[in-house]
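Participant: My questions all concern the structure below.
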Amino acid sequence: MGKKRIEERNNLNRGCEIGLVGLGVMGKNLVLNMASHGFSVAVYNRTAEKTREFVEHESIGQKVFAGYTLKEFVSLLNEPRSILILVEAGAPVDAVIEEILPLLKAGDLIIDGGNSHFSDTNRRSKSLTEKGLLYMGMGISGGEYGARYGPSMMPGGSKEAYERIRPILEAAAAKVNGEPCVTYLGSGSAGHYVKMVHNGIEYGTMELIAETYDLMKRGLGLTNDELHSVYDRWNEKELSSYLIEITAKIFQQPDDKTEKRLIDMILDQAKQKGTGKWASWDAMDLQIPVPTIDAAVIARDLSGYKAEREAASQVLRGPKATFQGDRGTFIDQTQDALYASMIITYAQGMSLLQGASETHGYDVNLESVARIWRGGCIIRAVLLEDIRRAYQNRPDLVSLFLDSHLGQEVMDREANLRHVVITAVEIGLPAPALMATLAYFDGYRSAWLPANLTQAQRDYFGAHTYERVDQKGVFHTEWGPHRYI
């Protein structure tokens, strides 16, 4: 289709229900998703050739209309306009907003569908609201496939704006038992905050799975075919989830450049885009512990020290990574350890969401969060049905540990989690997330912790004061002479 014919078609089909800026992998597939549900979509990409290629070859037969300038793109939209931006987080989002802003009117809506930091969302929302526009930050999870056939979407911001585009989002979202995996999550940057926590849980779960892989590969000596069988079997039970499913498949993938499996040809250095790190940062600011997520971020950082690790492996000694025991029994224990750790990781993430909602005034409904995470997203798992039910039964639940069912599920597997951690220590394999998860559980169930000594030390060297168990108030003691050298 030539440019002239596209322009003629656009002139006949003005009045698109939504516009999308950014025809990367996620953007293109989300356009096709919305269009396949009968909605007319205007598209724009900074590179005109990418727009032309998409309209002429990838969206044939769909109600997709191209704007080759932002002015042309905006002219294709119904008023008040709804525009979804799907570009790289950070400066590119600001650049698109700055360029398109002069073309918009009061009441128009801008939606940032990328992985923006929630503080950026707050800043943009304040600025655009002052100009009379509506603004939403919306997390989207599910990758390329999810964007095309049904992602989990996490919108926050203006409730009026959400209601305007709710039919489009509900149609495009993944469905679980007929329920769309999208809902209004709260004011301000609630949507992007929920997505950040989603990604933090994703980091933690991926690291936990990686540690079980290491224990079974280097510890037990399992082959790729055996590893495939283990994870495939686990995916049929309580561990059933997207991440376990794809893990099983990964071990069977051949390498097209060698005769080996692809997993063995991939460098052991994991990159990150920052969302897991952001979750750790804000959790520390709010003083809400998320040690499994912290450990996952640190593990990725440590993987980046490849040259140093290789050099250290030649001079630093530890236990021989050889397991002595029954492999089948240990695999079952590892399954229990992973499931208990997944519950504990979700518990940390939900506690962070609860605390952030109170601090930032989001008023996030945790049952709704669990509901929309059940399908379409990277952390979807059958476990989320139990988590949803826990918050249905007790909306004020302060920790998933205190739900009678989930708490019992952890306690039933606690001994096996402990055994797996002990085994990792004994054979010298790193398991930072499993260890941190167990420590968090042991700390949370402790009525007493040695923080009294920490408080005494702080008061000794810095007169930071302390509290007493027998009296209200704040106290300071003159501990005696100080000798720093």
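Only the coordinates and a few stated rules stand behind these numbers; no lab work does. Quantities reported herein were computed from a predicted structural model and do not represent experimental measurements. All Cβ positions, glycine included, derive from the backbone under ideal geometry; neighbour counts span all protein chains shown.
Participant: Which whole-number percent is the relative contact order of the chain (Cα, under 8 Å, 6+ apart)?
Facilitator: It comes to 13 percent, rounded to a whole number.
Participant: Angle between the Cα long axis of helix 190-214 and the longest principal axis of the chain, 0 to 90 degrees, nearest 10?
Facilitator: Between the helix axis and the principal axis of the chain, the angle is about 50 degrees.
Participant: Give the shape of region 255-386 as rounded, prolate or oblate, defined through the alpha-carbon gyration tensor: a ≥ b ≥ c are the square roots of its eigenvalues, a/c under 1.5 means rounded, and otherwise the shape is prolate if a/b is larger than b/c and oblate if not. Spell out each step's value before the answer.
Facilitator: Working: a/c = 1.90, a/b = 1.59, b/c = 1.19.
Judged from the Cα gyration tensor, region 255-386 comes out prolate (a/c at least 1.5, a/b above b/c).
Participant: What list do you get for Phe475, Phe54 if you sort them by fewest beta carbons within 10 Å?
Facilitator: Details: Phe475 11, Phe54 19.
Ranking Phe475, Phe54 by Cβ neighbours within 10 Å, fewest first, gives Phe475, Phe54.
Participant: I'd like to know which of Gln348, Ser158, Ser280 lies farthest towards the positive end of the charge dipole of the chain, counting +1 on Cβ of Lys and Arg and -1 on Cβ of Asp and Glu.
Facilitator: Towards the positive end, the residue furthest out is Ser158.
Participant: Right, here's the next one. Give the peptides 65-72, 344-351 in descending order of average Cβ contacts within 10 Å, highest first.
Facilitator: Descending mean neighbour count gives 344-351, 65-72.
Participant: On to the next question. Using +1 at the Cβ of each Lys and Arg and -1 at the Cβ of each Asp and Glu in region 3-188, identify which of Asn45, Tyr149, Leu76 lies farthest towards the dipole's positive end.
Facilitator: So the residue we want is Leu76.
Participant: Helix-derived [θ] at 222 nm for the chain: sum -39500 (n - 2.57) over DSSP H runs of at least 4, divide by residue count, nearest 500?
Facilitator: When only DSSP H runs of four or more count, the value is -16500 deg cm²/dmol.
Participant: Follow-up question, since we're still on this one. Taking the Cα atoms only, what angle lies between the long axis of helix 383-393 and the longest principal axis of the chain, rounded to 10 degrees?
Facilitator: So the inclination is approximately 90 degrees.
Participant: Just rank Trp448, Trp479, Trp278, fewest to most, by other beta-carbon atoms within 10 angstrom.
Facilitator: Starting with the residue having the fewest Cβ neighbours, the order is Trp448, Trp479, Trp278.
Participant: Okay, moving on. Using only the Cα atoms of region 3-188, construct the convex hull and provide its projected area averaged over every direction, in square nanometres to one decimal.
Facilitator: Average projection, Cα convex hull of region 3-188: 9.5 nm².
Participant: Helix 118-130 versus the longest principal axis of the chain: what angle, 0 to 90°, nearest 10, using Cα atoms?
Facilitator: 30
Participant: Follow-up. Below 8 Å, C-alpha to C-alpha, sequence gap of six or more: please give me the relative contact order for region 3-188 in percent.
Facilitator: 19
Participant: Label-point separation (nm) for Gln457 and Thr129, each offset 7 Å from Cα along Cα-to-Cβ?
Facilitator: About 4.3 nm, to one decimal.
Participant: Specify the inter-centroid distance of region 246-293 and region 409-485, based on alpha-carbon positions, in whole Å.
Facilitator: Region 246-293 and region 409-485 have Cα centres separated by 29 Å.
Participant: Sticking with this one: Within straight cross-link reach of Lys105, meaning Cα distance under 27 Å, which lysines are found once same-chain residues fewer than 8 apart are removed?
Facilitator: Straight-line reach from Lys105, under 27 Å: Lys28, Lys63, Lys71, Lys126, Lys131, Lys159.
Participant: Given Cα pairs under 8 Å that are at least 6 residues apart, what percent is the relative contact order of region 208-257? Mind dumping the intermediate values first?
Facilitator: Working: 33 pairs, mean separation 17.0, N = 50.
Once normalised by length, the contact order is 34 percent.
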